[in-house]
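Trainee: Once you've had a glance at the structure underneath, I'll fire off some questions.
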Amino acid sequence: MEAGKSKKSKTSAPVNKNLLRAIPQVDEVLQWLSPGTDAPIFLIKQAVREELERLRRNILAGNKTGKNDLSKKTLVGEIQQILKAKLEPNFKRLINGTGVVIHTNLGRSILPDSAREALVEAGTRYSNLEFDLATGKRGSRYSLVEQLLCDLTGAEAALVVNNNAAAVLLVLDTLANGREVVVSRGQLVEIGGSFRIPEVMAKSGARMIEVGATNRTHLKDYEGAISEETSMLLKVHASNFKMVGFTKEVSAEELVELAGRYKLLVMEDLGSGCLIDMSRYGLRKEPTVQETVKAGVDVVTFSGDKLLGGPQAGLIVGKRDIIERIKRNQLNRALRIDKFTLAALETILRLYYDTETAVSRVPTLAMLTAAPEIMERRAKRLARRVKKSLAEKCNIAVRVTGSRVGGGALPEEDIESRAVVLEPRDRTVNELEKSLRLNPLPVIGRIEDDRYILDMRTVADDEVPLIANILGQVFGVNL
Ligand SMILES: *Cc1c(COP(=O)(O)O)cnc(C)c1O
């Protein structure tokens, strides 16, 4: 279709040479814009060139372009628009109406307001980041959260790095470089396209020995693969998919027992490390970090921004001698955690001293455990605000929907929620999705069965009036 169209325009619409000649010069347009345009001159020039180039291309393509498009008023208006977009930050807040709580593309976990002060202070003041106040000597940054992590997980020692992928790489590089690591075929997971256990293992210099069948791995499979070259048995939590049917996994306890007999190490990559048994709140049981440590696993790695609900980080906990070896690895320096992350992480970890406090104040946990009535109230508030004014243009209803945990945790599990469901009458649902997405404060929902769904689980109470206003603007009505 595209090709046909361009062919037609070539033959039937001769290029309007007069119009091309009427395109003003860059300098002339710059005169029109100054004074009064508050932007760096290089950006103004860039915007002018982009707009003039766009007009030139449109004229050459025979697209509808008239004298009016070249008028001073229209051009200045268009260029101001381009400049406005260029001056806006690229990295911006948005409203998550997807219902996916740990949405990797939308920033994974969000921090509680109480972390704000710690973050600002870490950034704007000097700190004891690597300074031991007791001795007045150089300290290590991860020591600031090590005791906290040990208290919460029962581990002997801990350190934190940039993210869990870095944690896995660092541990494997320290303990298994040039040696063999035995892992179940059913656990060679890929996370988000850019992290695959086999690839990370290859990077670390460890040789992967896969055992078992895709769906079933037995203890004897591991035992059969052990050789002189083996350094560790690795267990990976298959966090973002679920195997159902005829399946078998070997427990951490069994692996620890086997490793003990052969003097090998056991590592578990928990992925979405959870410190609270979420089955107490109606979610499916996931192994907690404490349980994994208690099983006798030598080293456990997990993410800071998945179920823990903190900043991006890779947490490593385990036996003291093992952790000390990991801390001495030169790679550690390249994977180190930054001060903002540390400040936020400490704030979050302290909330975990009391389970109820963590569940109510860590946003990820609060959202995951929110009762359907909370989302129902939010949905009704939003619907009430916009229903009358939008009545002609859009059908609005409150419906039951299912939210997802996301972040590769508890896949396949829908948690009951409520959504505001929009069926526009004056435009397609895709057009509605696009205008909400391109709003200065973008609103991201999902489309299901030709309806636009805003799941209220991931929308904050104070965002309800914002969404109402945005809907009013998008549909061009006064609320
Ligand atoms: C998410 C995940 C990772 C990667 O963690 P990041 O913090 O995103 O680097 C590694 N392993 C497992 C099992 C995971 O679920």
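Derivation of every value follows stated rules applied to the coordinates shown; laboratory data play no part. Predicted model only: the values in this text are computed from it and were never measured. Reconstructed Cβ throughout: ideal geometry from the backbone, glycine too, with neighbour counts over all protein chains shown.
Trainee: Mean residue ellipticity at 222 nm from the helices of the chain, using -39,500 (n - 2.57) per DSSP H segment of n ≥ 4 over the full residue count, to the nearest 500 deg cm²/dmol?
Mentor: Calculated from helices alone, the mean residue ellipticity at 222 nm is -13000 deg cm²/dmol.
Trainee: Still on this structure: What is the calculated FRET efficiency for residue 147 to residue 399, with r their C-beta to C-beta distance and R₀ = 51 Å, to the nearest 0.05?
Mentor: After rounding, the FRET efficiency stands at 0.60.
Trainee: For the stretch 170-240, build the charge dipole from Cβ charges (+1 Lys, Arg; -1 Asp, Glu) around the Cα centre, then report which of 215, 184, 231 sits farthest towards its positive end.
Mentor: Comparing the listed Cα positions along the dipole, 215 ranks first.
Trainee: Beta carbons within 10 angstrom, averaged per residue: use that to sort the peptides 464-470, 416-422, highest first.
Mentor: Per-residue Cβ counts within 10 Å, averaged per peptide and sorted highest first, yield 416-422, 464-470.
Trainee: Let me ask you something else. Could you grab the Rg to Rh ratio for the chain? Cα atoms only, Kirkwood for Rh.
Mentor: 1.07
Trainee: Next up: Once the piece of chain linking residue 45 and residue 130 is laid out straight, how much longer is it, given 0.36 nm per residue of separation minus the C-alpha distance between them?
Mentor: Roughly 26.0 nm would be gained on extension.
Trainee: Another question about this same structure. Residue 279 to residue 247: FRET efficiency via 1/(1 + (r/R0)^6), r the Cβ-Cβ distance, R0 25 Å, to the nearest 0.05?
Mentor: Result of the calculation: an efficiency of 0.80.
Trainee: If the chain between residue 26 and residue 426 were fully stretched, how many nm would it gain, using 0.36 nm times the residue separation less the Cα-Cα distance?
Mentor: Going from the current span to full extension adds 140.0 nm.
Trainee: With charges set only on the Cβ (+1 for Lys and Arg, -1 for Asp and Glu), what does the dipole of the chain come to about its Cα centre, in debye to the nearest 20?
Mentor: Approximately 2360 debye in magnitude.
Trainee: Put a dot 7 Å past each Cα toward the Cβ at residue 86 and residue 263; how far apart are the dots in nm?
Mentor: So the label points at residue 263 and residue 86 sit 6.8 nm apart.
Trainee: Specify whether the C-alpha gyration tensor of the stretch 17-87 places it in the rounded, prolate or oblate class, a ≥ b ≥ c being the square roots of the eigenvalues: rounded for a/c under 1.5, otherwise prolate if a/b is larger than b/c and oblate if not.
Mentor: prolate
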